[in-house]
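What follows is one structure encoded as structure tokens, with my remarks underneath.
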Amino acid sequence: MARKKKAENKSEKKKLPLKRVVQNNLFMLKLIHKGAPFTILSMVLISVLEALTGFISGSYMLRFALNGINEGKSFSEIAGVLALSLIPIAVMMVVARWYWCRSYRMRMTRIKQYIFSRAYKKASEVDLSCYENPKYYDDLAKAIEECGNRAEAVNGSIEMLAYRIVNFSANFALLFAIDPLLLLFVLIPIAAVPIQKKINKVGYDKNMETTEENRRKDYSRRTFYLADYAKEMRLLDMPVFMLERFRASGERVVGIIKKYGFKMATLQYIMTECNEVIASLGAMAYAVWQTVGTGRMGFGDCLVVVNSIQNVAYSVTNSADTFLRFHDNALYIENLRKFFEYEEKIKGGDKPLPESGDIVLDGVSFKYDGASDYTLKNLSMRFGKNEKIAIVGHNGAGKSTLVKLLLRLYDAEGSITYGDEDIKDFDLTEYRDIFASVMQDFHIFSLSASENVLLRPMREGDEKTVAEAIEKSGLKEKIESFPRGVDTMMTKEFDKDGEVLSGGQAQKLAISYVYSRENRFVILDEPSSALDPIAEYEMYERMTEACNDCGMIFISHRLSSAVIADRIYLMENGEIIETGTHASLMEKNGRYAEMFRKQAQNYAEV
Ligand code: ADP
């Protein structure tokens with residue numbers, strides 16, 4: 001176990017090849033460009049101008065003023081030039097502030113909006129099986145969490161690189177103009193680059209270990225405020241448990257810092273020694289000697305050397321850090337890229353859908369990824385275009401799995417046809433659109449009642465559709481009792497006047513969706529479990545009337561509802577064990593009849 005964990009950690013620490021680092025950063029740059037064109041260009045331009053302004057207002061003007069004094073120029077001459085140079089510098093500073101605080105932030109918002117929209121769209125398209133694979137789910141969560149941050153990080157790295165290149169070049173040129181021999185001192189920080197690389201490597205290892213731990217901390221943190229965990233956190237001992245885990249993760253982070261701290265401090269000390277002591281003091285001593293000893297260097301130049309050599313040393317040593325950031329970015333982008341480039345296994349074709357038709361299963365078997373056994377075995381069934389079909393059976397028999405196959409959320413072995421054509425040949429969205437399905441684990445959205453009925457934005461003329469749907473589902477009275485009627489929000493999350501429906505009412509609202517649209521097939525996968533048996537029976541009866549022109553497939557473990565079906569399939573362990581109408585199955589006196597009598601007896605006793 002411990003060995004496995006170690007191996008996993010090792011693989012997480014794996015470095016990406018340079019080609020992949022470049023590709024991943026380019027991938028993000030393309031997204032950034034699509035989100036807000038010319039952001040990189042404008043950002044680089046501003047950074048270059050800022051670096052130049054910094055150089056002119058710092059080193060260059062300093063040199064001019066001091067050399068001017070040395071050469072005996074008048075105060076007004078020097079002050080005039082300084083004042084004149086202040087105008088473009090001030091303009092540049094205003095432009096830069098405006099850019100970073102307004103334009104850049106607006107652009108960044110659009111970029112994040114664009115990347116998140118693409119990620120959410122993709123998340124809604126990937127195969128359902130991905131959500132059942134913990135590794136994939138973890139990667140997906142990481143990719144989505146990181147997409148906004150990484151866009152900003154890539155921008156930051158580019159901005160930093162542009163700034164440093166200009167800053168380095170300008171100071172380098174200035175030193176060269178003053179005395180080419182000064183460049184020898186620049187070689188010292190360049191020679192120290194391997195130490196900087198070592199610092200980066202230690203920093204990277206530390207980051208990787210900390211990131212892993214922070215993810216654990218993050219999980220514990222989320223359990224305290226996400227609604228999904230709210231009940232367990234109040235009723236059980238989970239807060240104590242999670243706080244313990246949170247604290248333990250924090251302690252482990254402290255341990256990691258301790259582990260790398262000494263190494264990091266030593267390396268950074270050597271680095272500082274090379275740059276600030278040897279390079280800077282060396283250049284300073286040389287400049288002082290040239291100024292005072294030989295008189296070949298002006299007083300101004302001497303001060304500029306002291307000022308610029310530090311800039312140059314800093315730029316050299318930190319350029320390695322900038323490149324490391326690109327590598328870091330690439331690691332995170334890798335997840336996002338894999339996610340965006342994931343190819344769905346469930347794909348559609350381009351055959352036009354027939355006007356109508358039956359759905360026929362022939363020898364259909366299905367096994368979930370990673371499962372040892374088949375969940376569905378050799379099913380042959382027919383769902384007629386106008387038939388009302390009940391699928392009944394105990395929990396775990398495979399009823400919901402069958403529905404998922406009909407909706408093409410998974411593909412199975414054997415053949416499933418609609419109107420005699422393989423369902424894989426139809427466009428996926430068009431094919432799925434022939435069904436109106438309501439599942440056991442339906443959700444009520446934080447939207448108005450109307451929007452929850454339609455499950456799409458309201459359009460002109462929808463008021464009548466919504467009113468009829470709500471009436472048919474038996475929710476009219478309840479919705480009309482709300483002051484804002486169908487415009488009432490169905491949660492209190494964004495509106496204190498929102499309403500919260502009971503389990504049974506919520507199911508009726510979910511079922512209203514079926515009544516709001518034209519359907520070829522209606523699938524009801526036990527959305528009625530919170531209704532009492534009589535209400536459930538009435539609901540199915542009403543639905544049967546409404547589905548005059550369409551097929552209906554309903555799943556229930558209550559056999560009393562199956563009575564109205566044209567045909568009943570009884571499932572057990574992934575197989576159809578009995579088929580027929582209620583009357584014929586009762587006459588057969590097999591499993592169905594036995595189950596029916598048992599349930600009827602239970603109700604009679606109640
Ligand atoms: P039913 O709807 O009849 O209660 P299901 O179709 O939900 O039955 O489940 C049938 C079997 O398939 C069960 O043993 C269940 O544990 C298994 N199963 C359901 N969903 C998955 C899944 N996503 N991955 C693996 N096994 C699953």
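Summary table
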read-out: Prolate/oblate/rounded call for region 335-413, Cα gyration tensor, a/c under 1.5 rounded; value: oblate
read-out: Area of residue 138 that stays accessible when all protein chains are in place (1.4 Å probe, Å², to 10); value: 60 Å²
read-out: Accessible area in the full protein assembly, largest first, 1.4 Å probe, for 76, 502, 85; value: 76, 502, 85
read-out: Solvent-accessible surface (1.4 angstrom probe) belonging to residue 486, in square angstrom, nearest 10; value: 50 Å²
read-out: Solvent-accessible ranking of 55, 168, 262, 426, largest area first, probe 1.4 Å; value: 262, 168, 55, 426
read-out: Cα gyration tensor shape of region 55-195, rounded if a/c is under 1.5, else prolate or oblate by comparing a/b with b/c; value: oblate
read-out: Percent RCO, i.e. relative contact order, over the chain, from Cα pairs under 8 Å lying at least 6 residues apart; value: 14 percent
read-out: Cα centroid separation, region 308-371 to region 456-510 (Å); value: 38 Å
read-out: Calculated FRET efficiency for the pair residue 214/residue 478, C-beta based, R₀ 35 Å, to 0.05; value: 0.15
read-out: Contour minus Cα-Cα distance for residue 344 and residue 563 (0.36 nm per residue); value: 74.9 nm
read-out: Estimated vicinal HN-Hα couplings, Hz - region 147-163 in sequence order (Karplus 6.51, -1.76, 1.60; Gly, Pro = x); value: 4, x, 4, 6, 4, 5, 5, 5, 4, x, 5, 5, 4, 5, 4, 4, 4
read-out: Solvent-accessible heavy-atom area per residue, rounded to whole Å², over region 475-606 at 1.4 Å; value: 50 Å²
read-out: Heavy-atom SASA rank of 489, 381 (probe 1.4 Å, accessible area, largest first); value: 489, 381
read-out: Under the Karplus curve 6.51 cos²θ - 1.76 cosθ + 1.60, θ = phi - 60°, whole-Hz ³J(HN,Hα) for region 422-431, x wherever Gly or Pro sits; value: 4, 5, 6, 7, 8, 4, 4, 5, 4, 5
read-out: Amide H contacts of residue 517 (H built 1.01 Å from N, under 5 Å, at least 5 apart or other chain); value: none
read-out: Convex hull volume per residue in cubic angstrom - Cα atoms of region 358-509; value: 162 Å³
read-out: Carbon + sulfur, % of accessible area of the chain - ligands and nucleic acids excluded, 1.4 Å; value: 58 percent
read-out: Average silhouette area of the chain, convex hull of alpha-carbon atoms, in square nanometres; value: 38.8 nm²
read-out: Accessible area (Å², 1.4 Å probe, nearest 10) - residue 130; value: 10 Å²
read-out: Summed side-chain charge close to residue 43 - residues other than residue 43 whose Cβ falls under 13 Å, Lys, Arg +1, Asp, Glu -1; value: -1
read-out: Probe 1.4 Å, accessible area per residue of region 401-456, Å²; value: 42 Å²
read-out: Relative contact order of region 425-546, defined on C-alpha pairs under 8 angstrom at six or more residues apart (%); value: 37 percent
read-out: Net dipole in debye of the chain [+1 Lys, Arg Cβ; -1 Asp, Glu Cβ; about Cα centre; nearest 20]; value: 3040 debye
read-out: CD proxy at 222 nm, helix term only [per DSSP H run n ≥ 4: -39500 (n - 2.57); per residue of the chain; nearest 500]; value: -20000 deg cm²/dmol
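The values are calculated or read from the model by the stated rules, or taken from the named source; none is laboratory data. Because the structure is a prediction, the values reported are computed rather than measured. Note that each Cβ is placed from the backbone with ideal geometry, even for glycine, and that neighbours are counted across all protein chains shown. The protein model used for the area step is the full one, side chains on, heavy atoms only, and it has no ligands, DNA or RNA in it. Shrake-Rupley method; radii C 1.70, N 1.55, O 1.52, S 1.80 Å.
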